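Just so you know, all these numbers are worked out from the coordinates, no wet-lab data involved. In this text the structure is predicted, and so the values were computed from the model without any measurement. In this analysis, Cβ positions are derived from the backbone assuming ideal geometry, glycine residues included, and neighbour counts consider all displayed protein chains.
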Amino acid sequence: MIMKLLKPTIKKKFQVYRSVDGVLRSVEINNIAATGYRIINLQCLQKHVSEITCHAILCDKAREKAISGAVPIILESQVAHFGLAVILAAKCTGCGKKFHFETSPKLLNGGTRHYDINVRAVWGSIVSGNGLAHLNEQLASMDSPTMAQNTFSVIEKEINQWWKVMVEEEMASAIDLEKKIAIEKNRYHEDIPSITVICDGGWSKRSHKHSYNALGGVAVVIGAETKKILHIGIRNKYCYICNRCNSLGITPKDHECFKNWTESSQSMESDIIVEGF
C-alpha cells in the first residue's frame with residue numbers, strides 16, 4: 001500500500017513509502033501509476049485527445065490493435081505533478097510512441113509560470129477562509145494529488161500583490177469620483193473640494209470597556225456619496241516569526257514581517273484615519 005509520495009518530480013525514479021509486512025519502508029520505483037482522480041482543463045483534454053486520435057488513425061499497428069479488440073492507446077503513468085497540475089504519459093501499444101500531456105495550462109505573470117489550476121485552488125482557499133491544510137484534506141479524500149506548502153505560499157503572496165494593486169486602483173478611482181461629485185455640487189472648503197466621509201474601525205478581539213490590548217486593528221474611510229472605500233489601513237503589533245526568534249534568542253531571517261505598530265492598541269484606528277487624510 002502506497003502511504004505517501006515524497007516530492008514527485010520529473011525524474012525517472014521516485015521514492016515512496018510502502019508498508020511491507022507491517023513495517024514502513026522506503027522503496028524506489030521507476031514510474032507512478034496514473035490512478036485516482038485528476039482535475040483536467042477541457043481545452044487541454046481536447047488538444048491531447050486530438051493528438052492521440054490522429055496518431056491512432058494514421059498508425060498501422062495501432063489500427064491492427066484496435067481491429068483485434070486490443071486497446072491501441074494506454075495511459076501509462078504519471079510523469080510528474082506540480083500541485084494539482086500533473087503530466088501524464090500515454091503510449092501507443094502498436095508502435096510504442098509515447099505522448100506527454102499536461103492537465104492544466106500555465107499563466108504568464110511577470111516571468112513566473114504557474115499552472116492555472118494551482119492559482120485557482122489557492123485563490124479559492126483564500127476567499128473561502130481556508131488554507132493549505134483544508135485544501136489538501138479535501139484533495140486527499142478525492143484521491144487527487146495535493147499541493148506543497150512552498151507552492152501554496154508562493155502563489156498566495158503573488159495573489160496578495162494582485163489584490164493590493166487592484167484595491168489601490170479602485171480606491172484612487174473612488175477618490176476621484178468623490179472629488180468630482182463635490183465639485184459638481186459646489187462643495188468647497190478654503191477653495192478645496194470638500195467631501196463627506198464615514199469612518200469605522202475594529203480590533204482583532206472584542207473589548208467591552210476592558211482588555212484594550214488587541215494585537216491587530218483595521219480602519220476604513222468610506223465616501224458618503226459613492227459608498228466606496230477611499231482608504232483602508234491595518235496595524236499589527238505581532239509577527240509570529242519575529243516573536244519566535246526572539247523567544248529562541250536568534251536573529252530572524254529575511255521574511256515578510258507584518259508587524260508595523262509599536263504604540264498602544266487604542267491609537268491604532270485614529271492613526272489609520274489620520275493617514276487616510
TODO: Indicate the gyration tensor shape class of the stretch 148-271 (rounded, prolate or oblate), computed on the Cα atoms with a ≥ b ≥ c the square roots of the eigenvalues: a/c under 1.5 is rounded; otherwise a/b larger than b/c is prolate and the rest oblate.
DONE: oblate
Task: Förster-model FRET efficiency, 41 Å R0, residue 67 and residue 41, C-beta, rounded to 0.05 - done: 0.80
TODO: Starting with the highest mean, order 155-162, 125-132, 71-78 by the number of other Cβ atoms within 10 Å, averaged over the residues of each peptide.
DONE: 71-78, 155-162, 125-132
Task: Note, ³J(HN,Hα) from phi for the stretch 158-175, Karplus 6.51, -1.76, 1.60, rounded to Hz, x at Gly and Pro - done: 5, 4, 4, 5, 4, 5, 4, 4, 5, 5, 5, 5, 5, 5, 4, 5, 5, 5
